[in-house]
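What follows is calculated from the coordinates using simple rules that are stated; it is not laboratory data. None of these values were measured; they are calculated from a predicted model. In this analysis, Cβ positions are derived from the backbone assuming ideal geometry, glycine residues included, and neighbour counts consider all displayed protein chains.
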Amino acid sequence: MISRSHRFHGHGSLRYVYQHGGTVRGPLSALKFVPNERRKMYRLAVVVSKKVNKSAVVRNRIRRRLYEAFRQHESELTRPYDMVLTVFHEQVAELPADELDRLVVAQMRQAGMLRAKSKE
């Protein structure tokens with residue numbers, strides 16, 4: 001789970017990301033992002049609609065799993081970003097952790113947010 005300092009507070013900042021951010025679409029989710037040089041750390045919001053699953057328990061499980069997947073790669077971010085991850089499919093709740101991690105990393109790489117891995 002990511003810390004409270006990495007979460008959005010209020011709708012105004014989310015609105016800014018929606019209006020000015022770039023989008024990377026994957027098979028199960030979309031990542032909207034905008035660089036935020038006024039902050040030292042990234043911020044992330046995970047949006048899971050009731051259309052994905054009616055159960056709040058399942059929606060919260062999806063959120064927690066995605067927050068954790070992002071937290072594992074926060075040190076690889078090139079600079080502070082504001083990000084909104086919108087989930088389209090309930091399959092995210094049942095995916096194995098390594099596959100979910102692969103999907104998250106693929107979207108972050110496609111957005112150009114991650115540092116290139118050093119070849120050792």
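Looking only at segment 1-27, filter to residues that are in contact with a strand residue (DSSP E or B) (Cβ under 7 Å, 6 or more places away or on another chain) and part of a loop (DSSP other than H, G, I, E, B); which one of those is farthest from residue 69 (Cα to Cα)?
Ranking the qualifying residues of segment 1-27, first place goes to 21.
Among 66, 31, 100, which is the only one that is part of a strand (DSSP E or B) and either farther than 20 Å from residue 3 by Cβ or in contact with a helix residue (DSSP H, G or I) (Cβ under 9 Å, 6 or more places away or on another chain) (or both)?
The conditions single out 31.
So, in segment 48-63, of the ones that are without any contact (Cβ under 8 Å) to a residue 24 or more places away in the chain and part of a loop (DSSP other than H, G, I, E, B), which residue ends up surrounded by the most Cβ atoms within 10 Å (Cβ to Cβ)?
Taking segment 48-63 and keeping what is without any contact (Cβ under 8 Å) to a residue 24 or more places away in the chain, we get 50-51, 54-57, 59-60, 63.
So of that shortlist, the ones also part of a loop (DSSP other than H, G, I, E, B) come out as 50-51, 54-55.
Values: 50: 9, 51: 8, 54: 9, 55: 12.
Per the stated criteria, the residue is 55.
From 45, 30, which residue is surrounded by 16 or more Cβ atoms within 10 Å (Cβ to Cβ), under 11 Å from the mean Cα position of the chain (by Cα), closer than 20 Å to residue 101 by Cβ and not acidic (Asp, Glu)?
Details: 30 fails: surrounded by 16 or more Cβ atoms within 10 Å (Cβ to Cβ).
Answer to the check: 45.
Going residue by residue through segment 2-20, is there one that turns out to be of a type outside the set (Lys, Arg), under 15 Å from the mean Cα position of the chain (by Cα) and within 23 Å of residue 99 (Cβ to Cβ)?
yes
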